[in-house]
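*Asks:* Dropping the structure in here first, questions after.
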Amino acid sequence: MMNFRMTDIFYEISNSGDVRDTSDIITIVDMTDVYERSRLADILDTIKMYEPAIVGVDIVFDGLKGDTIGSERIAEIAFADDNVPIIWAKKLMDYNDSTNQFDRAASSFFAEYADVKEGYTNVMRDINGGTVRSFGIWRMAEGQKEYSLPAYVAAQYRGDAILAEAGANQSINYSDTYFPVLTPEEIKLHPELIRGHIVLFGAMHDEQDRHYTPIGRLAGVEILAYTVQTIVKHNGTKEVRAFNLWLITILLIWFFQMMSSLLQKRLLDSQRYVVKYLGTSGIGESLFRFFFIFFLAYVCYVLFVDAAIYFNTAWAMAGIALLGNARKWYAFIINIKGLNIKHKKIKK
């Protein structure tokens, strides 16, 4: 129950069509098969040449590797003071449950020497099923607030600052979107997909960096793309929570019980054999339950698609499904009470 989300079904429905909207603000450059830092530096230079709005690099350049010239080239790009902002990736590590923060962070080798902007790229998995439904805006690490790469990229693209009071998590909108993916060789062929766009530079086919989402397994850089798009377009889902959720759930179950009892009475009072049989056999109530849950799911889907409001119907559906057993327990308690009263009268 804790890992169940109707949004998974909603996203599956919205992504089931053959035609998907192509993102007009985000392009992914795939570097899966590129390992040399010199080559990576050349690709970044090519991307910058076509004047993207901002570049998000989903790679942590850990230490000085054997490719000394390549490391120097990467450092030059990091030190460069030009009109193309770059957000570099970092990893938060060693989460401490007692302090609710990470004890250390892994940055690229040049971060301590250059005034670069870094954002963490840790993907948040649901603790129950491993499904990625949200991304962190900020986390506490080493005693200070660290912001994520998607948060920095979106803020830079919009030209505003990340609000200090922003929520820690951002629900990801996985609505049907195709993000153009270019190989390094295709960059020069499609400059229109780079100029003025957000460019995310990362691996699309690294099996170590693929995660389960409501729409299937996605590369980490794709999850970053969906997160950035959600923040830029302000189309994250607002979830009905706490008191309102339970109040609406109880009212829905109560309403179903009242309508079900009224229907059952009408069926049993009918003079037609077939109609009365629907009442005595329980088939009528089962059909009503099916259509009621179907209608409830449909209303929630419309709310989700049109107003980005998510009402977790799992508890309401479970309550409606278990009403039959609840009635039996209620009848059992009433009968036991009646038997006790009758037994006392006989003893007197």
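*Asks:* Measure nothing fancy, just the Cα-based angle from helix 220-233's long axis to the longest principal axis of the chain, in degrees from 0 to 90, nearest 10.
*Replies:* That helix lies at roughly 80 degrees to the long axis.
*Asks:* A further question follows. Given a 1.4 Å probe and every protein chain left where it sits, what share in percent of the accessible area of segment 1-55 is carbon and sulfur? Each step should come with its number before you reach the end.
*Replies:* Values: 1420 of 2810 Å².
Roughly 51 percent, rounded to a whole number.
*Asks:* Consider the candidate values (i) 56, 23, 16; (ii) 36, 23, 19; (iii) 32, 23, 22; state which one is semi-axes √(5λ) of the Cα gyration tensor in Å computed from the structure displayed.
*Replies:* Read-out taken from this structure: (i).
*Asks:* Residue by residue, what Karplus-based ³J(HN,Hα) values in Hz, rounded to whole numbers, does segment 93-105 have, using 6.51, -1.76 and 1.60 with θ = phi - 60° and x for Gly and Pro?
*Replies:* With coefficients 6.51, -1.76 and 1.60, one gets 9, 6, 6, 10, 5, 6, 9, 6, 7, 8, 7, 7, 9 Hz.
*Asks:* Round to a whole number: what % of the accessible area of segment 85-223 belongs to carbon and sulfur, probe 1.4 Å? Walk me through the intermediate numbers first.
*Replies:* Working: 3110 of 6650 Å².
Here it works out to 47 percent.
*Asks:* Give the carbon-plus-sulfur fraction of the accessible surface of segment 282-340 in %, rounded to a whole number; probe 1.4 Å, heavy atoms of protein chains only. Walk me through the intermediate numbers first.
*Replies:* Numbers: 2830 of 3670 Å².
Within segment 282-340, the accessible surface is 77 percent carbon and sulfur.
*Asks:* Can you give the charge dipole size of segment 194-274 about its Cα centre, rounded to the nearest 20 debye, using +1 on the beta carbon of Lys and Arg and -1 on the beta carbon of Asp and Glu? Intermediate values should be presented prior to the final figure.
*Replies:* Details: 9 positive and 6 negative charges, 96 e Å.
In debye, rounded to 20, segment 194-274 gives about 460.
*Asks:* So, for segment 273-324, what is the accessible surface per residue at a probe of 1.4 Å, expressed in square angstrom? Before the final figure, lay out each step's value.
*Replies:* Working: 2860 Å² over 52 residues.
That works out to 55 Å² for each residue.
*Asks:* Oh, and also: How big is the Kirkwood radius of segment 250-317, worked out from every pair of different alpha carbons and given in Å to one decimal? Don't skip to the answer; put the middle values down first.
*Replies:* Values: mean 1/r = 0.0751 Å⁻¹.
For segment 250-317, inverting the mean 1/r across all distinct Cα pairs yields 13.3 Å.
*Asks:* Please calculate how many Å² of accessible area segment 1-143 carries per residue, with a 1.4 Å probe and no DNA, RNA or ligand atoms counted. Kindly include the intermediate steps, with their values, before the conclusion.
*Replies:* Working: 7470 Å² over 143 residues.
That works out to 52 Å² for each residue.
*Asks:* Follow-up. Find how many whole Å separate the alpha carbon centroid of segment 259-292 from the alpha carbon centroid of segment 38-103.
*Replies:* Each part reduced to its Cα centre gives a spacing of 66 Å.
*Asks:* Then there is this: Exceeding 31 Å between C-alpha atoms, which entries from my cross-link table qualify? They are 48/91; 65/233; 238/265.
*Replies:* Details: 48/91 24 Å; 65/233 39 Å; 238/265 40 Å.
The answer is 65/233; 238/265.
*Asks:* Could you work out the helix-only [θ] at 222 nm for the chain, with each DSSP H run of four or more residues adding -39,500 (n - 2.57) and the total divided by the number of residues, to the nearest 500 deg cm²/dmol?
*Replies:* Calculated mean residue ellipticity at 222 nm is -14500 deg cm²/dmol.
*Asks:* Rounding to the nearest 10 and keeping the result within 0 to 90°, find how far the Cα-based axis of helix 37-49 lies from the longest principal axis of the chain.
*Replies:* Helix 37-49 and the main axis of the chain meet at about 80 degrees.
*Asks:* Based on DSSP, what percent of beta bridges with both residues in the chain are antiparallel, to the nearest 5? Could the numbers behind the result be given before it?
*Replies:* Details: 16 of 41 bridges.
Of all bridge pairs located within the chain, approximately 40 percent are antiparallel.
The values are calculated or read from the model by the stated rules, or taken from the named source; none is laboratory data. Keep in mind that what you see is a predicted model, and the values were worked out from it rather than measured. Cβ atoms come from the backbone with ideal geometry, glycine included; neighbour counts cover every protein chain shown. Heads up: the accessible areas ignore ligands, DNA and RNA and are worked out on the full protein's heavy atoms, side chains in. Shrake-Rupley method; radii C 1.70, N 1.55, O 1.52, S 1.80 Å.
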